[in-house]
Amino acid sequence: MSIAGLLVALCGALCAEGRIGDVLIVEHPERLVVFSKYQQRLTSDEYRLLSPFVPMVLVRERDHLGDGFTPCAAVEIGREPYYILRNEGGGFSARDEPGRTEIFRNVPLFGDTVVLLRGRALRLRPAGDNEEVLLQAGTRVVRMFEHESRTYVRLPSSRGGFGWISLPGSGRSSEWREVESASAAAVSPGDLILRIQPVVDGANSSLRRIYAALSPESDTPHAPPSFRLSRSPGEIRCTLEPPALSGSFSGSMRALLAGLERVLGGTGLHAEISEGAILIPLQ
């Protein structure tokens, strides 16, 4: 990691510990000109992982890339450092109209998961939408930050999304409680990938052995399917390629799920199967 990237990570950790920070929210963050922690422009696939209205903690609002000349903003998305380039006017550089953009100043930062308990259903107003939806008891949401008595949350699911909710009380309540927040918050997405990649590699080795054993019985050889990992600010996803075979390999997927649950032990995170993929919602 470069010195600049290391400083971003250290500053982000201090912001998280202080629980106060400035948060940038953009309707279409994938339209911004964004560089990775290695100060390389994101690929097309990486851009697609930037969810609409994802909260970005402003680590250094006015900064420069490693060349010392290119203006940018240093941010964190899901505990990972990124750089958003700025234009000559001081605004954020964008490839197209980024839509609604807001900065919330000096807000309490969270990142923990809470579960809604028995009681009245709570109303969620999705980001960028005026229509409210009801969240029933048992729903889990990730608290991102708080602003003017409202809490900005993420729904940890394959469809995900962000929105505003009014959680009664400033701490635990009869209507909600935290879920294993301390241990999960201590694990970065990068460390999680390092933990689970060997399990996925092992599952792929098994699939290759099975196909090698079956290939003499087939007139038309086919490449074996394989599990692939992808990461977004909200989740880690493991999908089977090609996706059309996911139904035929549900047993392999359940076995992989069990293996992932074992290595996730102690992190406070859990894997789940949803819509033909294994998801690990991040906290």
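Subtracting the Cα-Cα distance of Glu241 and Ser205 from 0.36 nm times their residue separation leaves 11.5 nm of extension gain.
The spacing between region 40-67 and region 74-126, judged by their C-alpha centroids, is 11 Å. Between Val133 and Tyr47, the FRET efficiency estimated from the beta carbon spacing at R0 = 30 angstrom works out to 0.60. Highest-first packing order for the peptide set 26-37, 270-281 is 26-37, 270-281, based on the mean count of other beta carbon atoms within 10 Å. Is region 185-281 best put as rounded, prolate or oblate by its Cα gyration tensor, with a ≥ b ≥ c the root eigenvalues, rounded for a/c under 1.5, and otherwise prolate when a/b is larger than b/c, oblate when not? In terms of gyration-tensor shape, prolate. Between Arg262 and Leu194, the simple label model (points 7 Å from Cα in the Cβ direction) yields a spacing of 2.1 nm. Gain on full extension, evaluated as 0.36 nm per residue between Arg60 and Ala255 minus their Cα-Cα distance, stands at 65.9 nm.
Quick one: length gained pulling Ala212 to Glu97 fully straight, 0.36 nm per residue minus the C-alpha distance? It would help to have the intermediate numbers written out before the result.
Values: separation 115, 0.36 × 115 = 41.40 nm, distance 5.02 nm.
Taking 0.36 nm per residue and subtracting the Cα distance, the gain is 36.4 nm.
Electrostatic tally near Arg262: other residues with Cβ closer than 14 Å to its Cβ, Lys and Arg +1, Asp and Glu -1, net +1. Separation between the Glu27 and Ser248 pseudo-spin-labels, each 7 Å from Cα along Cα→Cβ, expressed in nm? Inter-label distance under the simple model: 4.4 nm.
Rule-based calculations on the coordinates, nothing more; no lab input. As the structure is a prediction and not an experimental result, all values here were calculated from the model. Cβ atoms come from the backbone with ideal geometry, glycine included; neighbour counts cover every protein chain shown.
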